[in-house]
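Asker: Have a look at this one.
The values are calculated or read from the model by the stated rules, or taken from the named source; none is laboratory data. Here the structure is a predicted model, which is why all the values come from computation and not from measurement. Virtual Cβ from ideal backbone geometry, glycine too; neighbours counted across all protein chains shown.
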Amino acid sequence: MHSKTPLAALLAVPALIVGAALGAAQIERLDLKQMVDETRTDNAVLGTITAKQVFRVDHPVDGDELYFTRMTIQGKSLYDGSDLTAEVTFAGGFVSPNEGVHNSEAPTADDTRIGNTVVVFYQWTNNMGGDVAGNALYAAHGGLFRVAKAGSDQVVLGRGEGYAIARNVRVPVLRAEIEKLR
Amino acid sequence: MIKITRFVLPVAALGAAALLLVPTQSQGFTVLGGNLNLGQRDVRLFNNFTSPGVNANTTPDPDLPGWTGGFLAIWKSGVEWASEKHNLNGKGDPTQAGDLGSGGANFDITWQGAATSIGGPNDNVHSEISGCNGGVLAYTEIPISDGWRIRYYQCWSWQAPAGAPFSGFDLQGVATHEYGHALGLGHTTFGGGQTMSAGISAPGWQARSIEWDDIDGVRFIYGVKAATKPKISGISGSSVLTISGTNFDPNSNEVWFTQKTQNLSGNPIKALASQSSTTSLQVTVPATAGPGDVLVKKGLGQAFSDLSNGFGFDPTAGPQCNATIYCTAKTNSQGSVPSIGSTGTPSVSVNDFHLNSFNGGIGNANGIHFWSDTGSATTPFAGGILCMQPPTVRGPVHKYDAFGFIDVPITVGIFEVGLTRWFQFWFRDPTHPDGTGIGLSNAMEVSFCN
């Protein structure tokens, strides 16, 4: 099954494919109705990632070397339309080039790049491990969706079957669906 | 400290290459770009689970001896990815009867029992983590070639029964998925139905059994099980083990045991075989070995295909019963091959063990079974093979029935417990073209137990 294809040629493969492979784990299987249920999520923000910070926790019970990534997303709530700046946290990340961990359920570095427009679902959590409190990215990578421009429209990119947003959907359509479900 | 960023890009590139090279029928699985070398095959549990359901199963399984509850569930979750059916019978999991061990790749784990702590992100330990993180059940920290660490969020109701749970989430099912990440797989691009599907619905026990796309994935990373890979087919003895199988190194083999007590590292207990052939070896069981699996590694080999399947063994249980067929029969005058077989268990307490010879005996002919307590052999004899070392002992004369079948009850005495004996059938075949007038079956290695 191994090929002798020159490595240089393979390096040209879009990193997006690999990124998708690295962002993996076992999460609750959800549809949109379940995701927007108030027992699961407090809010969803459509906006731009404006900051990202990784921090390390060494915890006496939960163990050493717990790494978390905290993103700031500035935009509007998809639940009530209000202006919203949200700090949302997920497990995994690197505090420096040589210190950190890849987490199998974290969204990819490409998905969480500063400047990306995203839809993020979150829920306040008093302890997401290591006594870290904050808005937890709900279902980890399954709670973050990229948003792309399509002409004058914004389109939320679906992640496939089993995710809250399975297929690509225009923002106004998603907003209307959420309004109906809530 | 984990230092992995420096190889993230190469890993990513290789991962991409791997994705491109996936065969057309295997488009679902994705890879993380690394693998676990032979030094990273250990699996342990730090049992800090707070859900009572994790430790409710207190019934040990004879095929996975010595462990119960969450330990047994975690052990089975790794064994499911193994190269062979566990103990060659695949028993031990009621949700997939006879099918435990489905990987078919050059990949096997060594179960190392209880860890003393959660450990670092490359210490190969499963454990619970406090709190909750939205809809996340568990995650794997994946430096890959340096090892891994798997965490389960405390807020879920974890269950670890032998069979399928009725509520909560199945620890074994989720662990099978997470261990797939540890060995190098990402999520499959298929939406559902595979162990490596990203999402899971409660209780999720179906994920215990890896499916075709998962199997393609582990075979892609570690290679399809090589024809030269060592394979354990039976274990007998107690303080000195006789391990039978195929593809062992003819001169030097290392035997891996599960550690008896909690240990700071997951390193298996290792012992060199005192006697080796390609089909059988003997090893003295180290005092530090406990119940778990035995594996055989070829001498100094470091290839994925140099490590055998795991085979359940409990050094505290006394001598093990075993009956293994070996050697080659002599084709009879009628062109049939006389085969040795058995029924029952070679146990002094059960005492229902029978040897038989079928499909190749001569109807109404006289014959005997004979044996040796010295060892196996392949010595040319009477146009066939004498499958044991001298001295041999002959049993009484028996008459084959009209169909060339014979059944011989073997009474097991208390002094035979722990003994290994090699059996073969001899019978008259007066019209055999080689002029010897003798027929010979293949042979059976039998270990007697309590």
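Asker: Could you tell me whether the range A:39-53 includes any residue that is at pLDDT below 95, over 30 Å from B:D123 (Cα atoms) and among the acidic types (D, E)?
Answerer: Looking only at the range A:39-53, we keep the residues that are at pLDDT below 95, and these are A:39-40.
Still in the running and over 30 Å from B:D123 (Cα atoms): A:39-40.
Cutting the leftovers down to among the acidic types (D, E) gives us none.
The answer is no, given that none of the residues of the range A:39-53 is at pLDDT below 95, over 30 Å from B:D123 (Cα atoms) and among the acidic types (D, E).
Asker: Under 7 Å by Cβ, and 6 or more places apart or on different chains, what pairs join a residue from the range B:341-354 that is without any contact (Cβ under 8 Å) to a residue 12 or more places away in the chain with one that is aliphatic (A, V, I, L, M) and not in a strand (DSSP E or B)?
Answerer: Here the result reads B:G344/B:V350, each pair linking the range B:341-354 to a residue that is aliphatic (A, V, I, L, M) and not in a strand (DSSP E or B).
Asker: Also, quick follow-up: Those residues that are in a loop (DSSP other than H, G, I, E, B) and either within 16 Å of B:A323 (Cα to Cα) or not assigned by TED's automatic domain parsing to the domain that holds B:D352 (or both), I need them from the range B:375-409; list them, please.
Answerer: If we filter the range B:375-409 for residues that are in a loop (DSSP other than H, G, I, E, B), which is where we start, we get B:375, B:382-383, B:389-392, B:395-397, B:400-405.
Result: B:G375, single match.
Asker: Go through the range B:176-209 and report how many residues are touching a residue at least 40 places away in the same chain (Cβ under 8 Å), part of a helix (DSSP H, G or I) and of a type in the set (A, V, I, L, M, F, W, C).
Answerer: 2
Asker: Here is a follow-up. Hey, can you tell me all the residues within the range B:197-214 that are over 23 Å from B:P161 (Cβ atoms) and in contact with a His (Cβ under 7 Å, 6 or more places away or on another chain)?
Answerer: Selection gives B:A198 alone.
Asker: Still on this structure, I have one more. Working only within the range B:355-364, note down all residues that are farther than 20 Å from B:I385 by Cα and either buried (at least 17 other Cβ atoms within 10 Å of the Cβ) or without any contact (Cβ under 8 Å) to a residue 40 or more places away in the chain (or both).
Answerer: If the condition is that a residue be farther than 20 Å from B:I385 by Cα and either buried (at least 17 other Cβ atoms within 10 Å of the Cβ) or without any contact (Cβ under 8 Å) to a residue 40 or more places away in the chain (or both), then B:N364 is the only one that fits.
Asker: May I pose another question? Applying the selection to the range B:110-136, what residues are at the interface with chain A (Cβ under 7 Å from one of its Cβ atoms), at pLDDT 95 or above and in a strand (DSSP E or B)?
Answerer: B:I129
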